[in-house]
1. Enumerate the residues in region 123-145 having an amide nitrogen under 18 Å from the point lying 7 Å beyond the Cα of ALA117 toward its Cβ.
2. Quick one: Cα centre-to-centre distance for region 33-51 and region 86-113, in angstrom?
3. How far apart, in nanometres, would the label points at THR55 and ALA100 be if each is projected 7 angstrom from Cα along the Cα-to-Cβ direction?
4. Quote the charge dipole size of the chain about the Cα centre in Debye, to the nearest 20; the model charges only the Cβ of Lys and Arg (+1) and of Asp and Glu (-1).
5. Return the long-range amide H neighbours of THR105 (sequence gap of 5 or more, or a different chain), with a cut-off of under 5 Å between placed amide H atoms.
6. If you roll a 1.4 Å probe over the heavy atoms of the protein chains, what accessible area per residue do you get for the chain, in Å²?
7. In the chain, with Lys and Arg counted as +1 and Asp and Glu as -1 at Cβ, which of these residues, GLY27, SER87, GLN43, has the Cα nearest the positive end of the dipole, that is, farthest along it?
8. Can you give the local net charge around VAL42? Use residues other than it whose beta-carbon is closer than 10 angstrom to its beta-carbon, Lys and Arg +1, Asp and Glu -1.
Amino acid sequence: DQSTADSIKASDHLYYSSNAITPSENGTISIPLNHIMSKISVQLTLGTEYKASETNPITSVSAFGASTGATYSPGAETPWSAGSNVSKITLFPSVEYNTADRTATYEAILVPQTIAANTFGIEIRIGEKTYEWKSAEAFTLTGGTNHTLEMTVGNASSANIN
């Protein structure tokens with residue numbers, strides 16, 4: 001469950017490579033940390049059938065088809081081995097609903113993995129209506145990367161992946 005800011009923070013793991021330390025001339029040591037997990041940001045724009053509203057009509061946004069557990073083996077050629085525990089993940093509304101543009105952004109921190117074609121997707125609920133997008137190709141979540149999905153939700157729904 002990544003539906004709160006605290007849940008997002010708890011899932012964001014950092015690492016540092018032991019050969020990355022660079023001492024400075026004044027005796028301080030820099031220890032660069034990197035994000036090990038993958039982030040997904042879903043930028044939603046409501047279709048024209050959804051009129052501008054003062055409140056966000058989006059009830060929930062979820063990701064499905066991704067493993068929620070894995071084993072990390074630093075130094076291995078393939079450091080991640082995703083587990084078989086696949087479940088729906090509730091995303092956190094990270095950018096406030098913009099009433100004029102009818103836009104909102106939701107995010108989650110996920111385990112780096114490659115998910116088979118037609119398996120990974122996003123589900124958006126607006127009131128009683130559910131919209132679903134599923135990746136027709138294999139979907140790779142890379143560690144240390146923010147994957148952005150730009151989606152228009154409505155009768156003429158579409159999605160772009162960055």
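1. Those under the cut-off are 133-141.
2. A separation of 5 Å, based on Cα centres.
3. Each label point lies 7 Å from its Cα, and together they span 2.3 nm.
4. 200
5. LEU44, SER94, VAL95
6. On a per-residue basis, the chain sits at 57 Å².
7. Going by the Cα projections, it comes out as SER87.
8. Residues near VAL42 contribute -2 overall.
The values are calculated or read from the model by the stated rules, or taken from the named source; none is laboratory data. In this text the structure is predicted, and so the values were computed from the model without any measurement. Reconstructed Cβ throughout: ideal geometry from the backbone, glycine too, with neighbour counts over all protein chains shown. Remember, those area values only see protein heavy atoms, side chains included, never the ligands or the DNA or RNA. Shrake-Rupley method; radii C 1.70, N 1.55, O 1.52, S 1.80 Å.
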